[in-house]
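Engineer: Next up is a structure, given as structure tokens.
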Amino acid sequence: CVVLILSLATPAGAVVGSPPRSLQQQVNALSEVKQLVLFPTDVAKELAVEKAKGPHTPLRYAVGQQVSLTPATDGTWEQLPDGRLWRARILSTGATDLNLAFTTFWLPEGATLHVMAESEDYYQGPYTAKDNTEQGQLWTPVVPGEAAVVELFVPLGAKEEPRLVLGQVGAGFLDLFHRQKSLSIPKAEACE
């Protein structure tokens, strides 16, 4: 079970292709994009909870926080020469990493979605119409750091509007990217 969890943190687990529009062309400063501030993540407390649970319980790596973030009600839109760009920032102070659960996910042809770390050179995407599923959801791998950016690009002439609802954010406390050497990660015991 630890192998599965740790594989979520590797770039190989992410969809990595062309960079987001915000890295390819001139857009408004990220500081102008609205931010959803979640409850802070108390890493020491969550690690203590894991340690107290004992060796034969599933290993948690994040605390889930329910949200309801959509392009229609949250974040910031801006017009580009070739389409519209929507971005939203997400912060859980103290989190070692974040993963996102889009409980509604459907993109029209030509639209792209990227998820990136706000303060590190790391992104996932582009997610496209090819990633639409019958279940209509998308659960991303983890992104390093306590802050992430969701970026949606909708090209001119898109025949339909994207349907996107971020329903949950997992605020990590196990430092799956191993950036904080001082954290004491519980052993997996029987899973190893």
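Engineer: Any idea how far apart SER68 and SER18 come out in nm if each label point goes 7 Å out from Cα toward Cβ?
Structural biologist: 3.5 nm
Engineer: Normalise the Debye intensity by I(0) for the stretch 40-98, one equal point scatterer per Cα, no solvent, then take log10 at q = 0.14, 0.26, 0.30 Å⁻¹ and round to two decimals.
Structural biologist: Taken in order of the listed q values, log10 I(q)/I(0) reads -0.60, -1.10, -1.24.
Engineer: Still on this structure, please answer the following. Ranked highest first by average number of other Cβ atoms within 10 Å, how do 146-159, 17-30 line up?
Structural biologist: Going by the mean number of other Cβ atoms within 10 Å, highest first, we get 146-159, 17-30.
Engineer: How far apart, in nm, are the 7 Å Cα→Cβ label points at VAL37 and TRP139?
Structural biologist: Each label point is offset 7 Å from its Cα along the Cβ direction, giving 3.0 nm.
Engineer: To continue, here is another question. Counting pairs of alpha carbon atoms under 8 Å apart in space and at least six apart in sequence, what relative contact order in percent does the stretch 88-176 give?
Structural biologist: Dividing the mean separation by the residue count of the stretch 88-176 yields 49 percent.
Engineer: Right, next: Go through GLU50, GLU118, GLU134 and list them by solvent-accessible area, largest first, probe radius 1.4 Å.
Structural biologist: Solvent-accessible surface, decreasing: GLU134, GLU118, GLU50.
Engineer: How big is the Kirkwood radius of the stretch 1-159, worked out from every pair of different alpha carbons and given in Å to one decimal?
Structural biologist: 16.9 Å
Engineer: Take the Cα of LYS45, step 7 Å along the line toward its Cβ, and report every residue of the stretch 86-111 whose backbone nitrogen sits under 13 Å from that point.
Structural biologist: Those under the cut-off are 93-95.
The values are calculated or read from the model by the stated rules, or taken from the named source; none is laboratory data. Every value quoted in this text rests on a predicted model; they were computed, and no experiment measured them. So basically every Cβ, Gly included, is an ideal-geometry build from the backbone, and we count neighbours across all protein chains shown. Each accessible area value is taken on the protein alone, full model and side chains, heavy atoms only, with ligands, DNA and RNA left out. Shrake-Rupley method; radii C 1.70, N 1.55, O 1.52, S 1.80 Å.
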